[in-house]
1. By the scheme Lys and Arg +1, Asp and Glu -1, what is the net charge of all other residues having a beta-carbon under 13 Å from that of residue 285?
2. As I understand it, the dipole of the chain uses +1 on the Cβ of Lys and Arg and -1 on the Cβ of Asp and Glu, about the Cα centre. Which of 114, 290, 360 lies farthest toward its positive end?
3. Ignoring solvent entirely, what values of log10 I(q)/I(0) come out of the Debye formula for the stretch 104-222 at 0.10, 0.23 Å⁻¹ when each Cα is a single scatterer?
4. Between beta-carbons, use under 12 Å as the cut-off and find the net charge around residue 170, counting Lys and Arg +1, Asp and Glu -1.
5. Can you compute log10 of I(q)/I(0) for the chain with the Debye formula, treating each Cα as one identical point scatterer, at q = 0.08 Å⁻¹?
6. Within the chain, what percent of beta bridges assigned by DSSP are antiparallel, to the nearest 5?
7. Once you order the gyration tensor axes a ≥ b ≥ c over the Cα atoms, which shape class does the stretch 373-457 get: rounded for a/c under 1.5, otherwise prolate or oblate by comparing a/b with b/c?
8. For the ranges 249-258, 85-94, what's the packing order if you count other beta-carbon atoms within 10 Å of each residue, average per peptide, and put the highest first?
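Derivation of every value follows stated rules applied to the coordinates shown; laboratory data play no part. Just so it is clear, the structure is predicted and the values come from calculations on it, not from any experiment. Every residue, glycine as well, gets a Cβ built from its backbone with ideal geometry; the counts of neighbours run over all protein chains shown.
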Amino acid sequence: MTLALPTTSARLLGLLARDLPPDRLVTEPRTLAAHATDRSGTRPDGLPLAVVHARHTTEVTVTLRHAHDLRVPVVPRGAGTGLSGGATAGEGTLVLDLSEMDQIRELSVDDQLAVVEPGVITADLDRAASAHGLIYAPDPASAAWSTIGGNIATNAGGLRCAKYGVTRDSVLGLEAVLADGTVVRTGRRTVKGVTGYDLTALLTGSEGTLAVITSATLRLRPAPAATATLAAYFATFEAAAEASYAIGRAGIVPALAELVDGPVLEAVDPALRARGAALLIVQCDGAGAAVETAAVAALLAGSATSVETTEDAAEAEALLAARRLALPALERLGRPLIEDIAVPRSRLAEAAAEIRAISARHAVPVFTIAHAADGNLHPIVVVDPSLDRLPDAAWEAAGEIFALALRLGGTLTGEHGVGTLKRQWVAEELGPTSHTLQRRIKEAFDPRGILNPGKGL
């Protein structure tokens, strides 16, 4: 016996089937299951109602207009690589998949900008820019498969943010569709611009709760004249953290400074763990890259157990492999619960020591990676993937890690977003006045609350 869909859901599917091209609307169960979760592993109750594979802005406007009229929740989605549950879609929701909106519409060498659709893969844009002597600076660890739209939705950071900033620093303007299907354009094609409120910055990092991004004007930068890379091993993670802080104190601004602890090194390759309890990777770029890297090497000589440098691109990638392979290695061990706190750079070593104490207190193994130059730590708990829910000890450890970040003057999330996993702690960081104000902003953009409900705030 087949149960009839609720009237509202049936009406929505009928309207979408009528107004969208025939291959855009999908209700096949395997597709629904694949679009119900993201890389966080969060498992919502039930499956979404349907998936719309949008290829044009007009299809996004049609979808949102009908969903808004019928008050059906919509979950915008890119590649599903998010780590906080921001793209999870449960029963009764409509998934709006933007991954097929994947065209680079313009790449201007003279203005050093690109206009792209949200489904463009981050690394593909960087490769396209490199053909013209430019780079797209944001470099999340998921760059090879994450999309520009998803990066903008979470204000993603990445390895090169030490020097070039996070995604927001490269977003000049946006085309976005509001909850009722209205198209809005924000920002400009210039680096400077202060006319009106900065809606571009507001939408960047809003996790699909305010509008659906359908195009972005992005800043490109000249490719550096040279790069030089350093890898240094240390006897303790805290020693490596202190060394990374010393680099900044010395006035050196590296393009990246990444920290990997011993348990992560063991997961990637036991031979790496044998070399030390922590690995600090530093890369400098520009005309003075070699000189700066030599200065870093001299600075670390007294505290590191070993230091090696290279100006060769292939050798540099080999040195960076321990960082880039960290998450895939941990995913082979189980289901990672990836935390994303940030603290003032001067308190990075203190935070690392406290995280180790929290791990021991709850008997929960914690693997730690850090963007050392900006104090952004990723303490990762790995649990049995067969479990229906996270163990209480894992949640308790995570809660203490969040409290630690706030106590040290930091934040719950530096670059992954709040999603569903951190929502219960948001009010504690924001405070009641700011939290209420942010909810009022949400209501102004999305008065019926259909855009990615239950996420962010």
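1. 0
2. 114
3. The Debye formula, applied to the Cα set alone, gives -0.26, -1.42.
4. +1
5. Relative scattering, expressed as log10 I(q)/I(0), comes to -0.47.
6. 85
7. Oblate shape, in that a/c is at least 1.5 and b/c is the bigger or equal ratio.
8. Going from most to least packed, we get 85-94, 249-258.
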